[in-house]
Amino acid sequence: MNSIPLWLKRRIGENNLKTFVDQSIQQQPTPCSDFSDEFEYADNIISWACDDFLTVDENLSLGEDYDEIYSFIYDYIKELFGFELLELYRDTCGEED
């Protein structure tokens, strides 16, 4: 976490990240036919949320630290919302199995 810039640390709040997760969910209107299981669904939602979060301001470059920062944010989003995303998929698609 040492290589994460201070401005980015300030933006890594649960409410802010939830906005990006929710946007990624909304962009997938047919999760049951687009994903093979809840793990693929959650992984993709988290990945898209990370990408959107890190590229919201394209003027800010993370340079060679991008991969490390991406990994940190991915793991953080997974910790915060992973279970919720798995449950969302199961609740939505459970009857289609």
Okay, helix-only estimate at 222 nm for the chain: each DSSP H run of n ≥ 4 adds -39500 (n - 2.57), divide by all residues, round to 500 deg cm²/dmol; what do you get? -22500 deg cm²/dmol
Which of the cysteines found in the chain have nothing to pair with, since no other Cys Cβ lies under 4.7 Å from theirs? CYS50
Which of ASP75, ASP37, ASP65 moves the most in a Gaussian network model of the chain with Cα springs under 10 Å? ASP65
Please report, in debye to the nearest 20, how large the charge dipole of the chain is about its Cα centre when each Lys and Arg carries +1 at its beta carbon and each Asp and Glu carries -1 there. 580 debye
Degrees between helix 14-26 axis and first principal axis of the chain (Cα, 0 to 90, nearest 10): 50 degrees
At q = 0.14, 0.22, 0.25 1/Å the base-10 log of I(q)/I(0) from the Debye formula over the alpha-carbon atoms of the chain is -0.53, -1.09, -1.32
Considering the dipole of the chain built from charges on the beta carbon (Lys and Arg +1, Asp and Glu -1) around the Cα centre, which of ILE46, GLY82, PHE72 is farthest to its positive end? PHE72
Round to the nearest 10 and give me the degree value, 0 to 90, for the angle of helix 38-54's Cα axis relative to the longest principal axis of the chain. 30 degrees
Which whole-number percentage describes the relative contact order of the chain, with Cα contacts under 8 Å and a sequence gap of 6 or more? 41 percent
May I ask you to compute the full-extension gain from ILE12 to ASP43, defined as 0.36 nm times their residue separation minus their alpha-carbon distance, rounded to one decimal in nm? 9.3 nm
Working from Cα positions, state the angle (0 to 90°, nearest 10) between the long axis of helix 66-93 and the longest principal axis of the chain. 20 degrees
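Coordinate-derived values only; no laboratory data. Because the structure is a prediction, the values reported are computed rather than measured. Don't worry about glycine lacking a Cβ; one is built from the backbone with ideal geometry, like all the others, and counts go over all protein chains shown.
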